[in-house]
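Q: Below are the structure tokens for one structure; questions will follow.
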Amino acid sequence: MTQPVFRFAPSPNGELHLGHAYSALLNARMAAAVGGRLLLRIEDIDVTRCTPAFEQAIYRDLAWLGIVWEEPVRRQSDHFADYARSLDALVDAGLAYPSFMSRGEARAMIAEAEADGRDWPRDPDGVPLFPTVERRLPERERRRRIAAGEPYAWRLDLGAALAHVGGPLHWDEEGAGPAGETGRIAADPAAWGDVVIARKEVPTSYHLSVTLDDALQGVTHVVRGRDLYFATAVQRLLQELLGLPQPVYVHHDLILGDDGRKLSKSRHDTGLAALRAADLTPADIARMVGL
């Protein structure tokens, strides 16, 4: 029987807060309950926002909580070559294309369409889907613009990708979705449109790197916040396209602030370091997050 493998995968772009503590502790407890392994992965593909100082703070916070992880820690920025190979496979198969349209140009196109009375489709987070007009850009024009140094992003061609898979996708959910969904869940990657899977400067995106990392590290159980529940559909599609194994997913409740919103680094919600400095103990943190 395969030993279960869990992972906690924070980004070093800010301080860990109570929401991270809950997810890390839950992963550690679930792994211990089944005699599984716990991995720590540093998701630092955003080289402009991620810093060594925040990475070191992650190690300190998790050690203070009493969490023990296996070494070595996988740092995504050390493995761009892995992601580039998978990106090349998708491009060579005709499943990805370079998109040169800026966000501003996309917003203008969407606004014009909506002003004409068209209902522009939106993803599960309520964000308008990116226009797909560049799917039809001639290959010669793509090569010319890349050679000219224009900025671009690699987008997954959802139409070609779904045709390549040729059938419905599902995932096994042992947590619960926003409406309490559990069990075998139908995946709908088309709801996200032509998602970004890499950029000109960085040969990956969150979706591509997390999908490949989980496979390369042998992760069997992905335990993470419910805010990523619907995004699982995109990762299931990438698993099928790249021939990767499918883990079990456990989407857990989010720790909310007093105002009812999800805690966030960008809003500078109270970090674990500040709580530690205020003389709280790891046991206090566990009680605060319901564990």
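Bear in mind that the values in this text are calculations on the coordinates, not laboratory data. Keep in mind that what you see is a predicted model, and the values were worked out from it rather than measured. Cβ placement follows ideal geometry from the backbone for every residue including glycine, while neighbour counts extend to all protein chains displayed.
Q: If packing is taken as the mean number of other Cβ atoms within 10 Å per residue, what is the order of 241-250, 28-37, highest first?
A: Details: 241-250: 16.9, 28-37: 15.3.
Answer by packing, highest mean first, reads 241-250, 28-37.
Q: In degrees from 0 to 90, rounded to the nearest 10, what is the angle of the helix 80-92 Cα long axis to the longest principal axis of the chain?
A: 30 degrees
Q: What's the local net charge at Ala113, with K and R +1, D and E -1, over the other residues with C-beta under 14 Å away?
A: Once all neighbours under 14 Å are counted, the net charge is -2.
Q: Based on the Cα gyration tensor of the chain, what are the three equivalent ellipsoid semi-axes, each the root of five times an eigenvalue, rounded to whole Å and given largest first?
A: Details: eigenvalues 234, 91, 81 Å².
Its equivalent ellipsoid spans semi-axes of 34, 21, 20 Å.
Q: As I understand it, the value is the acute angle between the Cα axis of helix 206-216 and the longest principal axis of the Cα atoms of the chain; what does it come to in degrees, rounded to 10?
A: 60 degrees
Q: Hey, what's the Cα Rg ratio for the stretch 1-156 versus the globular rule of thumb, 2.2 N^0.38 Å?
A: Normalised Rg, Cα atoms only: 1.40.
Q: Across bins of 5 angstrom width beginning at 0, how are the C-alpha pair distances of the stretch 215-256 distributed, in whole percent?
A: 6, 21, 29, 25, 12, 5, 2, 0
Q: Can you check what the net charge comes to around Gly149, using other residues whose Cβ is under 13 Å from the Cβ of Gly149 (Lys, Arg +1; Asp, Glu -1)?
A: For residues surrounding Gly149, the net value is +2.
Q: On to the next question. Using θ = phi - 60° and the Karplus curve 6.51 cos²θ - 1.76 cosθ + 1.60, what whole-Hz ³J(HN,Hα) does each residue of the stretch 150-162 get, with Gly and Pro shown as x?
A: 5, x, 7, 10, 7, 10, 6, 7, 4, x, 5, 5, 5
Q: Just order 104-112, 143-151, 227-235 by mean Cβ neighbour count inside 10 Å, highest at the front, would you?
A: Descending packing order for the listed peptides: 227-235, 104-112, 143-151.
Q: Next question. Per q in 0.10, 0.12, 0.18, 0.20 Å⁻¹, report the Debye log10 I(q)/I(0) for the stretch 16-108, using one uniform scatterer on each alpha carbon and no solvent.
A: Ignoring solvent entirely, the Cα scatterers give -0.45, -0.61, -0.95, -1.02.
Q: Same structure, new question: Please give the net charge around Arg37, taking every other residue with its beta carbon less than 12 angstrom from that of Arg37, where Lys and Arg add +1 and Asp and Glu add -1.
A: -1
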